[in-house]
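Student: Let me give you the structure first, and then I'll get to my questions.
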Amino acid sequence: MKNRFPRRRALAALGLLAAGAWAPGLASAQDAKPLTIIVGSPPGGTTDTLARVIGKAMGDALGRTVLVDNRAGAGGNIAAAYVAKAPADGSTLLMAFTGHTINATLYKNLPFDPVKDFTPIAMVAKVPSVLIARKGLPFGDVAGLVAYAKKNPDKLNFAIGAQGSSLHLASEQFKMLTGAKIVNIPYKGTGPALSDVLAGTVDLMFASTVNVLPHRESGGIRLLGVSSRDALPQFPGVPPIAATVKGFESTAWFGLFGPARLPPEVADRLYQAARKAVETPAYQERMRTEGASSVDMTPQAFGRFVEQDIRDWAKIIKASGASVE
């Protein structure tokens, strides 16, 4: 009987050693699993572009394969709903945009809670937009657009890259502040919407600087104004819309989320990888070149930002009367 308890302690110690040896194996197996970033827009849009740039850098930092899966539709809600139900193991992330907080008020029935069903990882960028017009329209600046729209109500149309996006709300804010009556034409993403403006199928659009810059000198569009408070050096000669429409300003944010209940150590590992990606000289230079700005925000700060952003957008949406079933 004397050796009974020491023997039990020895067996317990062996069990702990075995568990310790097995746990790294589990972590290694998890880290070997591809990391998939779900994007709520088609390829070619700002969200997709940033997901691919960030994903590559994160893959290098984590030593993992990173895949981008486009699940467009419903203003990003299809992608968000998918991630909300994904396993909380760090293998599935959402590259969200401002629509994530806008949709909390804009949509009457969401299949998820934009705060409770997600784990904030990192905000990665803030991007202003450019008001563009197809060639052939009888105006070349914001003042001319407003005058024409007031004389011809509902004759012009806005391509809406995604309902619930900041680009959608930029158009609503523009109409609200100017009193112009312009028809919205919704698309599933910025890429297809921009293609139709370039083709002359639709008249106007708010598009991010990231997407407009490659077409700046194409001659297929006119750049009427930027949505930032100040002029952007990347778009010389294009004035802020606020110079004509007092109080107008609109900037989109982009960030990574995981499903709710993501283990803290997993969330922190993903945040550190995203932070390294954002801090790389290549990413910083790309943001500067495209008129965007990189952001270093902790998961806790990002979570607080999301909650406040929902409240801020709710005021604008309710004032505009915008709503989606």
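Student: For residue 109, indicate whether it is polar (S, T, N, Q), at pLDDT below 90, open to solvent by 40 Å² or more (accessible area, probe 1.4 Å) and within 22 Å of the chain's Cα centre (by Cα).
Tutor: Here the answer is yes, as residue 109 does meet what is asked.
Student: Here's a check for you: in the range 241-267, which residue that is within 22 Å of the chain's Cα centre (by Cα) and part of a loop (DSSP other than H, G, I, E, B) is farthest from residue 45 (Cα to Cα)?
Tutor: The selected residue is 261.
Student: Among the numbered criteria (1) crowded, with 19+ Cβ neighbours inside 10 Å; (2) at pLDDT below 95; (3) in a helix (DSSP H, G or I), which single criterion is violated by residue 235?
Tutor: (3)
Student: OK, next. Which residues, taken from the range 268-277, are touching a residue at least 40 places away in the same chain (Cβ under 8 Å) and open to solvent by 10 Å² or more (accessible area, probe 1.4 Å)?
Tutor: 269, 271, 272, 275, 276
Student: A further question follows. Could you list all residues from the range 203-222 that are within 15 Å of residue 139 (Cα to Cα) and either buried (at least 21 other Cβ atoms within 10 Å of the Cβ) or of a type in the set (Lys, Arg) (or both)?
Tutor: 203, 204, 205, 221, 222
Student: Answer yes or no as to whether residue 296 is closer than 29 Å to residue 89 by Cβ and not in a helix (DSSP H, G or I).
Tutor: Taking the combined requirement at face value, the residue satisfies it.
Student: For residues that are at pLDDT below 85 and either under 14 Å from residue 115 (Cβ atoms) or part of a loop (DSSP other than H, G, I, E, B) (or both), tally how many sit in the range 299-322.
Tutor: Qualifying residue count, the range 299-322: 2.
Student: In the range 163-192, what residues are at pLDDT 90 or above and on the phi > 0 side of the Ramachandran plot?
Tutor: 179, the sole residue that qualifies.
Student: Hey, another quick one. Could you tell me whether any residue of the range 14-24 is modelled with pLDDT of 90 or more and exposed (fewer than 13 other Cβ atoms within 10 Å of the Cβ)?
Tutor: No - not one qualifying residue is present in the range 14-24.
Student: Additional query: Can you pull out every residue in the range 186-195 that is farther than 23 Å from residue 216 by Cβ and touching a strand residue (DSSP E or B) at 6+ places or on another chain (Cβ under 8 Å)?
Tutor: 186 - this is the single residue of the range 186-195 that is farther than 23 Å from residue 216 by Cβ and touching a strand residue (DSSP E or B) at 6+ places or on another chain (Cβ under 8 Å).
Student: If you don't mind, another one. Quick check on my filter: what residues within the range 124-153 are of a type in the set (Gly, Ala, Ser), open to solvent by 10 Å² or more (accessible area, probe 1.4 Å), in contact (Cβ under 8 Å) with a residue 40 or more places away in the chain and within 19 Å of residue 245 (Cα to Cα)?
Tutor: Passing the criteria: 140, 143.
Student: Filter the range 76-106 for residues that are assigned to a loop (DSSP other than H, G, I, E, B), open to solvent by less than 20 Å² (accessible area, probe 1.4 Å) and farther than 21 Å from residue 272 by Cα and give the result.
Tutor: Those that are assigned to a loop (DSSP other than H, G, I, E, B), open to solvent by less than 20 Å² (accessible area, probe 1.4 Å) and farther than 21 Å from residue 272 by Cα: 86, 98.
Student: Within the set of pairs 6 or more residues apart or between chains, which connect a residue that is β-branched (Val, Ile, Thr) inside the range 243-255 to a residue that is assigned to a loop (DSSP other than H, G, I, E, B) with Cβ atoms less than 7 Å apart?
Tutor: These pairs meet every condition: 251/227; 251/228.
Student: Working only within the range 45-57, note down all residues that are touching a strand residue (DSSP E or B) at 6+ places or on another chain (Cβ under 6 Å) and either charged (D, E, K, R) or over 21 Å from residue 209 (Cβ atoms) (or both).
Tutor: If the condition is that a residue be touching a strand residue (DSSP E or B) at 6+ places or on another chain (Cβ under 6 Å) and either charged (D, E, K, R) or over 21 Å from residue 209 (Cβ atoms) (or both), then 48, 52 are the ones that fit.
The values are calculated or read from the model by the stated rules, or taken from the named source; none is laboratory data. The structure presented is a predicted model; accordingly, all values stated were derived computationally and were not measured. Every residue, glycine as well, gets a Cβ built from its backbone with ideal geometry; the counts of neighbours run over all protein chains shown. Note: areas computed on protein heavy atoms with side chains; ligands, DNA, RNA excluded. Shrake-Rupley method; radii C 1.70, N 1.55, O 1.52, S 1.80 Å.
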